[in-house]
Amino acid sequence: IDDLCGHLPVDRNRIYLSGYSMGSHGIQALLKSRPDFYAALLADGPDNPAFPDDTTTALWLCYSGERKSETLPALAERFQAKSIPFHHDIFPDQTHNQIHWKLAHDENVFPWLFQRTKAAP
């Protein structure tokens, strides 16, 4: 990411992460390594979300009916207590392979995502 930012006209206050399935685990690892580097994260919800407590990154999660979402209320509470934008969707009638289409076609996702920025250093 740093190499791309060094060679391309990238707005460092608008770097977003998005991942689905194993990609969701990958972007969580990126977030853990740099909890305040990204403007927002868009992912399908993992069974056991372990987002860093020190992040200020906005988060939108979606869950299929196959995912366990018992930890979702506590996660939402952690983000909301710190006034970090947090959104989630649960699609109980959708399978793991269907929710990415629901999210991609939700007309609210990309406006929400692209209005997120990181404060200038």
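In the chain the Cα-Cα distances spread across 10 Å bins starting at 0 as 13, 46, 33, 8, 0 percent of all pairs.
The alpha carbon centroids of segment 85-121 and segment 1-66 are separated by 12 Å. The residues of the chain have, on average, 57 Å² of accessible surface per residue, using a 1.4 Å probe with all protein chains present.
Applying 1/(1 + (r/R0)^6) with R0 = 35 Å to the Cβ-Cβ distance of ILE1 and ILE84 gives a FRET efficiency near 0.95. DSSP finds beta bridges in the chain, and of those with both partners inside it, around 0 percent are antiparallel.
Shown for the chain: the carbon plus sulfur share of the solvent-accessible area, taken with all protein chains present and a 1.4 angstrom probe, equals 55%.
The values are calculated or read from the model by the stated rules, or taken from the named source; none is laboratory data. Because the structure is predicted, anything quoted here is derived from the model rather than measured. Every residue, glycine as well, gets a Cβ built from its backbone with ideal geometry; the counts of neighbours run over all protein chains shown. Remember, those area values only see protein heavy atoms, side chains included, never the ligands or the DNA or RNA. Shrake-Rupley method; radii C 1.70, N 1.55, O 1.52, S 1.80 Å.
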